[in-house]
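The values are calculated or read from the model by the stated rules, or taken from the named source; none is laboratory data. Keep in mind that this is a model prediction, so the values were computed, not measured. For neighbour counting, all protein chains shown are included, and Cβ atoms are generated from backbone atoms with ideal geometry for every residue, glycine included. Heads up: the accessible areas ignore ligands, DNA and RNA and are worked out on the full protein's heavy atoms, side chains in. Shrake-Rupley method; radii C 1.70, N 1.55, O 1.52, S 1.80 Å.
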Amino acid sequence: MAPPHKLFLLAIVFAIIVTATTVHGRHNGAKDIVHSSCEHASYPSLCVRTLSSYSGPTITNRRDLAQAAVKISLAHAQSAAKKLTVVRDSVGKKRQEKAALVDCVEMIGDSVDELSRTLGVLKHLRISGGSSKEFRWQMSNAQTWASAALTDDDTCLDGFEEIDGDIKTEVKQWMTKVARVTSNALYMINQLDETRGKPHDVHL
């Protein structure tokens, strides 16, 4: 029989191996569900890139994925809102440009609020244990808020159609990114609605 101190060391080594294997399994599981779910998203490459680099809780199922996608969209919207506010407050007196920025700041503010509401619904989503009617009502709310956020993003962009210059280029760059990640988030929500969050869970 091995000495006690050797048995202790073996136990530590075994624990490290098990922990590493579990973490690796979770990482691969999250990676698999991201790639398979993003395949038919509105912007697949952007979907994979943003969700693969997501630093929040481990993604183990479609509900986690939908929440992560909305959080990413919300973060982009909040960042764009700050940038747009700075530009609005510093822009000259070109009436058309100023008006477009004022409207855009309002739109992105609404989008941030709507995405926050969407996330709130998803966090309290009754995937199991609740009635089908309750689930449908919650999903309808999440889809409505996310769709409204996407509409606001597009409306902001529409306001710059007749404007040229560096400001339009910057705003278009910011808002196009926000609109695309929001579109992907809406896709994930719709997928969750179709599956009720049950299929494609990651089992370790």
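General remarks:
- Test: residue in the stretch 187-204 that is over 17 Å from the mean Cα position of the chain (by Cα), assigned to a helix (DSSP H, G or I) and modelled with pLDDT of 85 or more: no
- Being at negative phi and out of contact with any Phe, Trp or Tyr (no Cβ under 6 Å at 6 or more places or on another chain) is a property that does not hold for ALA100.
- Residue within the stretch 117-132 that is more than 16 Å from the chain's Cα centre (by Cα), surrounded by 13 or more Cβ atoms within 10 Å (Cβ to Cβ), among the β-branched types (Val, Ile, Thr) and within 19 Å of GLN191 (Cβ to Cβ) present: yes
- Scan the stretch 42-69 for residues that are part of a helix (DSSP H, G or I) and surrounded by fewer than 19 Cβ atoms within 10 Å (Cβ to Cβ) and the total you get is 6.
- Qualifying residue in the stretch 70-79 (condition: touching a helix residue (DSSP H, G or I) at 6+ places or on another chain (Cβ under 6 Å), under 12 Å from VAL178 (Cβ atoms) and either assigned to a loop (DSSP other than H, G, I, E, B) or open to solvent by 50 Å² or more (accessible area, probe 1.4 Å) (or both)): yes
- Residue check, ASP113 under 17 Å from LYS172 (Cα atoms) and open to solvent by 60 Å² or more (accessible area, probe 1.4 Å): no
- Scope the stretch 159-175; condition surrounded by 13 or more Cβ atoms within 10 Å (Cβ to Cβ) and under 17 Å from ALA80 (Cα atoms); matching residues: GLY159, PHE160, ILE167, LYS168, GLU170, VAL171, LYS172, TRP174, MET175
- Candidates are the residues of the stretch 80-97 that are part of a loop (DSSP other than H, G, I, E, B) and open to solvent by less than 90 Å² (accessible area, probe 1.4 Å); the one that is farthest from GLY109 (Cα to Cα) is GLY92.
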